[in-house]
Amino acid sequence: MSELKITKENYEKEVVNSPVPVLLDFWADWCGPCRMLSPILAEVAKEAEGFKVGKVNVDEEQELAQAFGVMSIPMLAVVKNGKVEKTSVGVRPKNEILQMLK
């Protein structure tokens with residue numbers, strides 16, 4: 001599955017009401033570490049079984065970024081049953097990202 005672009009318009013459907021956990025990536029175009037993390041997340045999304053990966057552009061979706069208390073990017077958040085289970089700030093290797101989803 002490919003990464004989903006998450007906006008305030010589809011957040012409820014794709015994240016809150018998702019039957020599977022959602023890994024959210026809070027990022028921005030101008031963020032160097034975000035660009036480093038992007039290919040890793042694309043790989044994770046392709047291999048996704050039992051979860052999905054969503055990307056939230058913090059410049060375009062400031063309300064969502066505020067709701068999640070994003071202070072630094074890239075920030076990853078795992079949302080299960082509409083609740084934030086885990087968060088992580090900064091670039092992480094693929095195996096650590098997959099561990100967050102267990």
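The values are calculated or read from the model by the stated rules, or taken from the named source; none is laboratory data. Fair warning: this is a prediction, and the values are worked out from it, not measured in the lab. Cβ placement follows ideal geometry from the backbone for every residue including glycine, while neighbour counts extend to all protein chains displayed. Only protein heavy atoms, including side chains, enter the accessible area calculation; ligands, DNA and RNA are left aside. Shrake-Rupley method; radii C 1.70, N 1.55, O 1.52, S 1.80 Å.
Figures for the structure shown
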read-out	value
Using θ = phi - 60° and Karplus 6.51 cos²θ - 1.76 cosθ + 1.60, couplings along the stretch 68-74 (whole Hz; Gly, Pro as x)	8, x, 5, 10, 9, 10, x
Solvent exposure, largest accessible area first (probe 1.4 Å, DNA, RNA and ligands not counted), of 72, 88	72, 88
Computed lengthening from residue 87 to residue 2, 0.36 nm per intervening residue step minus Cα-Cα distance	28.5 nm
Which listed pairs, of 8/52; 13/94; 5/52, have C-alpha distances above 22 Å, in listed order	13/94
13 Å beta-carbon shell around residue 19, net charge (K/R +1, D/E -1)	+2
The stretch 25-78 - charge dipole about Cα centre, Lys and Arg +1 at Cβ, Asp and Glu -1, debye rounded to 20	140 debye
Cut-off 13 Å, label 7 Å out along Cα→Cβ of residue 28, residues of the stretch 55-71 by amide N	57-63, 65-66, 70-71
Dipole magnitude of the chain about its Cα centre (Cβ charges: Lys, Arg +1; Asp, Glu -1), debye to nearest 20	340 debye
Global geometry of the chain, whether rounded, prolate or oblate, following the gyration tensor of its Cα atoms and the 1.5 cut on a/c	rounded
HN-Hα J in Hz across the stretch 18-33 - Karplus 6.51, -1.76, 1.60, θ = phi - 60°, x for Gly and Pro	5, x, 10, x, 10, 8, 9, 10, 8, 8, 8, 4, 7, 8, x, x
